[in-house]
1. What number of residues within the range 11-51 satisfy the criterion of being closer than 18 Å to A69 by Cα, basic (K, R) and part of a loop (DSSP other than H, G, I, E, B)?
2. Scan P9, P27 and give me the residue that is modelled with pLDDT under 95 and within 13 Å of the chain's Cα centre (by Cα).
3. If you go through the range 68-83 one residue at a time, do you hit one that is closer than 25 Å to L141 by Cα and acidic (D, E)?
4. Please report, ordered by residue number, the strands (runs of 3 or more DSSP E) entirely within the range 78-180 with at least 3 residues that are within 16 Å of the ligand (Cβ to nearest atom) and surrounded by 12 or more Cβ atoms within 10 Å (Cβ to Cβ).
5. Of the residues that sit in the range 58-77 and are assigned to a helix (DSSP H, G or I) and open to solvent by 60 Å² or more (accessible area, probe 1.4 Å), which one is farthest from the ligand (Cβ to nearest atom)?
6. Restricting to the range 45-56, name every residue that is surrounded by 14 or more Cβ atoms within 10 Å (Cβ to Cβ) and either within 11 Å of the ligand (Cβ to nearest atom) or under 18 Å from the mean Cα position of the chain (by Cα) (or both).
7. Identify all residues within the range 1-10 that are away from the ligand (no atom under 13 Å from the Cβ) and either part of a helix (DSSP H, G or I) or open to solvent by less than 10 Å² (accessible area, probe 1.4 Å) (or both); write none if there are none.
8. Of the residues in the range 29-44, how many are more than 12 Å from the ligand (Cβ to nearest atom), open to solvent by 40 Å² or more (accessible area, probe 1.4 Å) and on the phi < 0 side of the Ramachandran plot?
Amino acid sequence: MRIILIGPPGVGKGTQSSLLARTLKIPHISTGDLFRWHIANSSTLGKAVKAHIDAGELVPDSITELIVAEGLSRDDAAAGFILDGFPRTHDQARVLDAILETRGDKVDHVIEFTLDNADLASRLLARGRSDDTDDVIRRRLDVYVQERAAILGHYGPIVTELDASGSVEEIGERLLSALGARILQSLGVRSARSGHTVGG
Ligand code: AMP
């Protein structure tokens, strides 16, 4: 299963991606984590992306797409993956489609995490990452708001909105049931309760 989690910075996608990856036994590919690994290891790529990340700006597509293509080519990503933090622009979504098409795959589910700004701010403060300063947070949120509609428009019917409020456990349960409903829907299974196709 090929799943994308999208949402504003601090919404909890990283935590939920790694929990879901463990449950579904597929890799969690986070572009932000990959970039931070390169920065921590002072690689050439790390040096090239650091200023963009520190400023809350997007890393240029040429670099981002390289790192994603590498992540997706891992053997354990053949059966599926959870992408967290990619795509972040419409162009990146198109590039992802093209990469998947070469192997006869496509994205199955896109989950959009939503949370109000006050809750987002408190989650970001609790996390305390180096790019979680006031100005940089504001910039990252602006970048997200600018690109969000184009990405959601690109994926259309496979997008599910997820209320990302509450505890890690609550969000995790909501995420699993949303995915479960989508899977039943894609299989054309009818809900026993309503007699209607689940979610339809
Ligand atoms: P994240 O951990 O997903 O919040 O990402 C941290 C930072 O890494 C972002 O603010 C961007 O600077 C950079 N980054 C992560 N993913 C992407 C992407 N898909 N495209 C461009 N920049 C990205």
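The values are calculated or read from the model by the stated rules, or taken from the named source; none is laboratory data. As the structure is a prediction and not an experimental result, all values here were calculated from the model. Cβ atoms come from the backbone with ideal geometry, glycine included; neighbour counts cover every protein chain shown. Just so you know, the surface numbers come from the protein's heavy atoms only, side chains and all, with ligands and any DNA or RNA stripped out. Shrake-Rupley method; radii C 1.70, N 1.55, O 1.52, S 1.80 Å.
1. 0
2. Going through P9, P27 in turn, the sole match is P9.
3. No - not one qualifying residue is present in the range 68-83.
4. On the way: elements: 81-84, 109-114, 159-163.
Result: 81-84, 109-114.
5. The selected residue is D75.
6. At the first step, the residues of the range 45-56 found to be surrounded by 14 or more Cβ atoms within 10 Å (Cβ to Cβ) are 45-46, 48-50, 52-53, 56.
Matches in the range 45-56: V49, K50, H52, I53, G56.
7. I3
8. Number satisfying all stated conditions: 3.
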